[in-house]
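What follows is a set of notes on a single structure, which appears directly below.
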Amino acid sequence: MSTQTFGGLEHRPLGNTGLKVSSVGFGASPLGNVFGNVSEEAAFAAVRHAFRLGINFFDTSPYYGGTLSEKVLGKALKALGVPRDQYIVSTKCGRYKEGFDFSAERVTRSIDESLERLQLDYVDILHCHDIEFGSLDQIVNETLPALLKLKETGKIRFIGITGLPLQIFTYVLDRVPPGTVDVILSYCHYSINDSTLEDLLPYLKSKGVGVISASPLAMGLLTEIGPPEWHPASPEIKAACQAAAAFCKEKGKNISKIALQYSLSNKDISTILVGMISVGQVEENVAAATEIAIFGKDEETISAVSNILKPVKNQTWPSGIQQS
Ligand code: NAD
């Protein structure tokens, strides 16, 4: 299946799902106020504008803002007033404000709760959320079989797994029958400061798994205003990203645009999920994508920023529990 263009924004095939997702996807965690307060009006306007500009993929989770993100996204999508098959929605299970629970019973209940909050009959993708915090063997032996049953009910169309350490993906994919996991969602590993996901792409392709990469702005590190207080990166990473942002500003460039263009350039990644809180951010991010098609990406600035970030390149932070 080939890539198509909608108003300048590419829609790329997502693994073997048959879905075509916009190269820029709408990350809805900020609608749960995790990067600061966002009014419902601003959230609705951002979602509406995103859809108008060709963004057709929206990602949320019950965890974001303790269910707030799902509720706000659901209302905003309903307000679009367009047929359900015009947009693709993913949500997650297993991670909640109260903690992690990947049991079959909890994830089966979870989808009904999510559908109610989202005001939808089905989601396109249900991800197991941040599986490194659970037992990976439980994901293989209990959670994914429960999700396969949900697929049969029509409440979910496809199954995904998400998390930070890249080894979780190979651990699970090597232990389940082909076609069990349709997509993976990796975050903070295909940004200008950390591109370690690249090495895993041939493996994921060989497994027929669609690739979603999130957090091209490294959860706020690659923005002019910098990351939120809870950001887990080391002081060295934070300082290097701050220096890169200052460099761009001095040159009349925007670090976020440079970072997003870097992430968008690999077509083996179907979609880059960016968290957005306003019409302005939607416009900037879609423009960053469409300008690549016209002018190419800003190689000179990307190269200068990569140089500044070299001392911390591919550095990450710990996430999850010790697997036995
Ligand atoms: P991100 O790197 O997309 O950064 C989001 C931050 O950047 C927000 O503060 C946003 O307001 C700001 N921003 C966006 N566009 C901007 C622009 N043009 N200029 C300046 N600032 C801009 O990080 P994220 O939101 O954590 O990741 C994107 C999405 O991916 C999430 O919303 C979520 O849907 C998904 N995600 C999933 C997981 C997981 O499943 N474990 C982890 C991380 C992210």
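Hey, what did the chain get for relative contact order, percent, Cα under 8 Å, at least 6 apart? Don't skip to the answer; put the middle values down first.
On the way: 626 pairs, mean separation 64.4, N = 324.
Rounded, it is 20 percent for the chain.
Protection proxy ranking, highest mean first, for peptides 205-216, 74-85: 205-216, 74-85, where packing is the per-residue count of other beta-carbon atoms within 10 Å, averaged. Evaluate E = 1/(1 + (r/R0)^6) for residue 3 and residue 231, where r is the Cβ-Cβ distance and R0 equals 45 Å; express this FRET efficiency to the nearest 0.05. Result of the calculation: an efficiency of 0.85. Relative to the longest principal axis of the Cα atoms of the chain, the long axis of helix 255-264 lies at roughly 50 degrees.
The DSSP beta bridges internal to the chain are antiparallel in roughly 20% of cases. The length gained on full extension between residue 323 and residue 152, counted as 0.36 nm times the residue separation minus their Cα-Cα distance, comes to 58.5 nm. Rounded to the nearest whole angstrom, the semi-axes of the ellipsoid equivalent to the stretch 106-162, taken from the Cα gyration tensor as √(5λ), stand at 19, 12, 9, largest first.
Highest first, please rank the peptides 65-73, 35-43, 126-134 by the mean number of other Cβ atoms sitting within 10 Å of their residues.
Numbers: 65-73: 22.8, 35-43: 14.7, 126-134: 24.7.
Descending packing order for the listed peptides: 126-134, 65-73, 35-43.
Here the gap between residue 122 and residue 79, fully extended at 0.36 nm per residue and compared with their Cα-Cα distance, gives a gain of 13.8 nm.
Counting only aspartates and glutamates at least 8 places from residue 78 when in the same chain, those with an alpha carbon closer than 19 Å to its own are 40, 41, 59, 70, 112, 113, 116, 121, 124.
Looking at this model, which pairs from 97/257; 257/313; 92/310; 92/205 are more than 26 angstrom apart at the alpha-carbon? Correct reply: 97/257; 92/310. As a proxy for reagent exposure, 236, 113 were ordered by neighbouring Cβ count within 10 angstrom, fewest first; the result is 236, 113. Quotient of the Cα radius of gyration of the stretch 10-60 and 2.2 N^0.38 Å, N being its number of residues: 1.27.
Calculate the tail of P(r) for the chain: the fraction of all Cα-Cα distances greater than 25 Å, expressed in %.
Details: 24499 of 52326 pairs.
Taking all Cα-Cα pairs of the chain, the fraction more than 25 Å apart is 47 percent.
Over the Cα atoms of the stretch 58-133, what is the Rg over Rh ratio if Rh follows Kirkwood? Display every interim value, and only then the final one.
On the way: Rg = 12.1 Å, Rh = 12.5 Å.
My calculation of the ratio gives 0.97.
Size check on the stretch 1-135: the Cα extents along the three principal axes, sorted descending, read 41, 36, 26 Å.
Once you charge only the Cβ atoms, +1 for Lys and Arg and -1 for Asp and Glu, what is the size of the charge dipole of the chain about its Cα centre, to the nearest 20 debye? Show your work: numbers first, answer last.
Numbers: 30 positive and 35 negative charges, 80 e Å.
Roughly 380 debye for the chain.
Compared with the dominant Cα axis of the chain, that is its longest principal axis, helix 68-80 is turned about 80°. Taking the three principal axes of the alpha carbon atoms in the stretch 207-324, the coordinate ranges are 50, 38, 28 Å, sorted in descending order.
Working note: Karplus 6.51/-1.76/1.60 with θ = phi - 60° gives the stretch 184-194 the couplings 10, 10, 9, 9, 6, 10, 9, 10, 5, 8, 8 Hz, where Gly and Pro are set to x. Axis of helix 279-295 versus longest Cα principal axis of the chain: the two differ by about 70°, to the nearest ten degrees. Divided by 2.2 N^0.38 Å, where N counts the residues, the Cα radius of gyration of the stretch 74-230 comes to 1.07. Computed from Cα atoms alone, the Kirkwood hydrodynamic radius reported for the stretch 200-269 is 13.5 Å.
We did not get these values from a lab; they are worked out from the coordinates using the rules stated. Just so it is clear, the structure is predicted and the values come from calculations on it, not from any experiment. Don't worry about glycine lacking a Cβ; one is built from the backbone with ideal geometry, like all the others, and counts go over all protein chains shown.
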